[in-house]
Amino acid sequence: MKSEESKQKKIALRGRLLKYLEQHGEGGRVPPERELSLALNVNRYLLRNCVRDLIQEGVMIRKPRRGTFLISRPDMQKRIGIVLENGETSPYINHLSMFDGVIDALDEADCQVRLINFSRCEQFASLFRQYCLDGCAWLNPSEKEQKYIASLPADIRKKIVVASNDDPTLLQKRLGKQFSALDWENMSRTRAEYFIRRGHTRIAYLSVRTWTYNCFCSVLKEHGLPWNEDCLIDRVEDISGRLPLLIKKYGINAILCNGSFFHEMFRTLDNMPESQFDLSVENVSSIRFLQRQYPRVKVNFMFENAHCYRRKIGNSAVKILLRALECGELQEPVLVAAALV
């Protein structure tokens, strides 16, 4: 409890200190500790800790034999925070391409960047104010974090954009606005139309039953093609037993497969080396790995590498954020479509 109280005092002091320096600092130089302590009516130990944190954060710089200086930034330059998955800063970033897309867009807009680290998402609001951020890009927040973002005060909420691989219908339900995500409905429709154009009407669908599956089936029906529910395998443990039988029974010539089903599908197809299929994927990198592990399986790829559209998601998220900061209002979400190879 005492440490939390001390932390809040430091956050409050930070704001007072920066405001004082903006009004009284000469050439960005930070006055001596004794002078600041008297001016702000604060003990020197707390003041020293606050200045040390500001130096570590890059807000101030200590120059040997010259003193400590406040680092100025151009009036138009924005300071943007980035929250990675689970609020952790790590060299092992999931979906690095999405992060790259965010960084590229921030660099193009000449923004300062700060990685935000916390153990509980409830700490975010105080950190946002503590670091004097103009806005923040939050990558792949969990369901709990999404609900937290939606609950933030309006003055902070409109300064946060989400970049996510999550289902956009769920994001819309939880966040309402200001997010960028993959257009899964468009991907499902594109898959179905791709197969139809190539004359593949005998398709096996390996994935859990979701709204994207329903969309896929509805497109087939729009083109007058019946869908056989028997060709859906929605449990990984059923693939090895059912897929060979479906291929033999229905003459399957196209397979649509998602996520956790990939490995078992490749293992099963590895025992059928003479077969070749059109395979719909949205994570080409993992398929490349499986192809090396099971070299006899021959597939054709449908969509671009996942790194490409994840980068687009990150890039478009920043553009949403900059528009929101410019007009002061929440922006409509942007859905990124994956391109065919």
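The values are calculated or read from the model by the stated rules, or taken from the named source; none is laboratory data. Quick caveat: nothing in here was measured; it's all calculated off a predicted structure. No Cβ is skipped: glycine too gets one built from the backbone with ideal geometry, and neighbour counts run over all protein chains shown. Just so you know, the surface numbers come from the protein's heavy atoms only, side chains and all, with ligands and any DNA or RNA stripped out. Shrake-Rupley method; radii C 1.70, N 1.55, O 1.52, S 1.80 Å.
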Using +1 at the Cβ of each Lys and Arg and -1 at the Cβ of each Asp and Glu in the chain, identify which of Gly28, Gly15, Ile255 lies farthest towards the dipole's positive end. Gly28
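From the protein chains alone at 1.4 Å, what is the descending order of accessible area for Lys312, Lys319, largest first?
Details: Lys312 85, Lys319 105 Å².
Accessible-area ranking of Lys312, Lys319, largest first: Lys319, Lys312.
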Given the pairs Lys158/Lys319; Lys10/Lys78; Lys147/Lys177; Lys144/Lys173; Lys78/Lys159; Lys19/Lys158, which are separated by over 19 angstrom at their Cα positions? Lys10/Lys78; Lys19/Lys158
Measure of exposure for Trp227: accessible area at 1.4 Å probe, Å² rounded to 10, is 40 Å²
Between Met60 and residues 5 or more places away or on another chain, the pairs with built amide H atoms under 5 Å apart involve Ile55, Ile71
Whenever you get a sec, line up His95, His223 from highest to lowest accessible area (probe 1.4 Å, protein heavy atoms). His223, His95
Quick one: order Arg34, Arg29 from most to least accessible surface, probe 1.4 Å. Arg34, Arg29
Mean residue ellipticity at 222 nm from the helices of the chain, using -39,500 (n - 2.57) per DSSP H segment of n ≥ 4 over the full residue count, to the nearest 500 deg cm²/dmol? -14500 deg cm²/dmol
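Counting only protein heavy atoms, what percent of the accessible surface of the chain is carbon or sulfur at a 1.4 Å probe? Show your work: numbers first, answer last.
On the way: 8720 of 17530 Å².
It is 50 percent, rounded to a whole number.
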If I ignore ligands, DNA and RNA and count only protein heavy atoms, how much of Glu332 is accessible to a 1.4 Å probe, in Å² to the nearest 10? 110 Å²
What are the residues whose amide H is under 5 Å from the amide H of Arg29, where those residues sit 5 or more places off or on another chain and H is modelled from the backbone? Leu70
Averaged per residue, the 1.4 Å probe accessible area of the chain, protein heavy atoms only, in Å², is roughly 51 Å²
Partner aspartates and glutamates for Lys298 [C-alpha distance under 13 Å; skip if fewer than 8 residues away on the same chain]: Asp270, Glu274, Asp278
Of the candidate values [x] 77, 67, 41; [y] 52, 48, 35; [z] 86, 39, 39, the one computed for Cα extents along the principal axes in Å from this structure is [z]
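Mind checking the dipole of the chain: about its Cα centre, +1 per Lys or Arg Cβ, -1 per Asp or Glu Cβ, Debye to the nearest 20?
Here the chain has a charge dipole of around 1140 debye.
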